[in-house]
Amino acid sequence: MRTLFNAEMAVLAEDLVAMARHVESAITKASEAILTGNLELAQTVIADDEALDELEHQVDERCVLLIAQQQPVGLDLRTIISALRISASLERMGDLAEHIAKDVRRSYPESAIPDSHREIIEGMCKAATEAAGEIIRLLETRDLNVAAAIVEDDDTLDALHEQAYKSLIDGTYTGSAQNTLDIALLARYFERFGDHAVGISRRIVYLVTGDHSGSDAKI
């Protein structure tokens with residue numbers, strides 16, 4: 001029975017990595033689409049989100065079956081519960097990438113990013129994409145240095161989010177109402193993407209160290 005349990009746990013870990021790879025692909029494509037106005041790429045992100053939803057469903061079902069059939073305790077139980085929460089965060093990150101792609105579709109053939117805010121959005125695209133790649137490495141290696149890097153990326157996203165909002169109300173901004181809405185929403189999508197990445201990193205830190213302080217923060 002233990003051999004079967006270990007095999008199921010290994011598949012669970014593989015499913016989470018598969019979800020993380022999907023998220024990395026989604027945010028990379030959504031970032032390129034929002035910066036270039038590439039409608040075809042945006043449509044790909046939107047269409048592919050259903051596959052991520054299905055992966056989350058598979059992870060959730062596997063976790064429920066493991067709990068019901070194996071009655072795990074201790075670290076095994078914490079790992080399964082963490083997998084449920086991580087899968088939910090990954091699914092939400094995919095949704096946020098989809099929201100960004102939908103903004104490309106809504107504004108096409110115009111750009112959703114005014115020139116005044118291109119540098120800010122470029123910075124957010126870079127930080128979010130880096131965080132997504134680091135989540136894959138963290139799930140594969142449980143390297144706490146990678147967890148720390150994710151937090152740094154989130155700090156960058158938070159700072160850029162604040163900069164974007166302040167620039168809209170500083171008295172010099174002259175964009176349209178639609179531009180204002182686009183920037184506010186895009187900045188929020190990227191900021192929340194980073195929050196979910198931090199939630200995942202803290203969940204892994206908890207599993208590695210047993211320190212649960214802040215493990216639920218930003219989830």
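If PRO72 meets every condition in (1) buried (at least 16 other Cβ atoms within 10 Å of the Cβ); (2) part of a helix (DSSP H, G or I); (3) more than 17 Å from the chain's Cα centre (by Cα) apart from one, which number is that one?
(2)
Residues checked against (1) open to solvent by 20 Å² or more (accessible area, probe 1.4 Å); (2) in a loop (DSSP other than H, G, I, E, B); (3) in contact (Cβ under 8 Å) with a residue 40 or more places away in the chain; (4) of a type in the set (Val, Ile, Thr):
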position: ASP48; (1), (2), (3), (4): yes, no, no, no
position: ALA51; (1), (2), (3), (4): yes, no, no, no
position: ARG62; (1), (2), (3), (4): yes, no, yes, no
position: ALA68; (1), (2), (3), (4): yes, no, no, no
position: ARG78; (1), (2), (3), (4): yes, no, yes, no
position: ILE86; (1), (2), (3), (4): no, no, yes, yes
position: GLU91; (1), (2), (3), (4): yes, no, yes, no
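Determine which single condition LEU96 fails, assuming it passes every other condition in (1) over 14 Å from ALA13 (Cα atoms); (2) assigned to a helix (DSSP H, G or I); (3) open to solvent by 10 Å² or more (accessible area, probe 1.4 Å).
For LEU96, the failing item is (3).
Pairs, please: C-beta under 6 Å, at least 6 apart or cross-chain, first residue among the hydrophobic types (A, V, I, L, M, F, W, C) and in region 145-172, second open to solvent by 30 Å² or more (accessible area, probe 1.4 Å)?
VAL146/ARG137; ALA147/VAL205; LEU168/THR180
Show me the helices (runs of 4 or more DSSP H) entirely contained within region 110-219 in which 3 or more residues are crowded, with 19+ Cβ neighbours inside 10 Å and touching a His at 6+ places or on another chain (Cβ under 6 Å). Give the steps one after another, and end with the answer.
Details: elements: 118-141, 144-168, 177-209.
Per the criteria, 177-209.
List the pairs whose first member sits in region 119-131 and is of a type outside the set (A, V, I, L, M, F, W, C), whose second member is open to solvent by less than 10 Å² (accessible area, probe 1.4 Å), and whose Cβ atoms are under 7 Å apart, counting only residues at least 6 apart or on separate chains?
Every condition considered, the pairs that remain are THR129/ILE27; THR129/SER31.
Of the residues in region 1-23, how many are open to solvent by 60 Å² or more (accessible area, probe 1.4 Å) and at pLDDT 95 or above?
Matching residues across region 1-23 total 2.
For region 33-42, state whether one or more residues are of a type in the set (A, V, I, L, M), in contact with a Leu (Cβ under 7 Å, 6 or more places away or on another chain), open to solvent by 30 Å² or more (accessible area, probe 1.4 Å) and modelled with pLDDT of 95 or more.
No, region 33-42 has no match at all.
Does SER116 satisfy the criteria of being touching a Gly at 6+ places or on another chain (Cβ under 6 Å) and among the hydroxyl-bearing types (Ser, Thr, Tyr)?
No.
The values are calculated or read from the model by the stated rules, or taken from the named source; none is laboratory data. In this text the structure is predicted, and so the values were computed from the model without any measurement. Heads up, the Cβs are rebuilt from the backbone with ideal geometry, glycines too, and the neighbour counts pull from every protein chain shown. Keep in mind that these areas ignore ligands, DNA and RNA; they rest on the heavy atoms of the full protein, side chains included. Shrake-Rupley method; radii C 1.70, N 1.55, O 1.52, S 1.80 Å.
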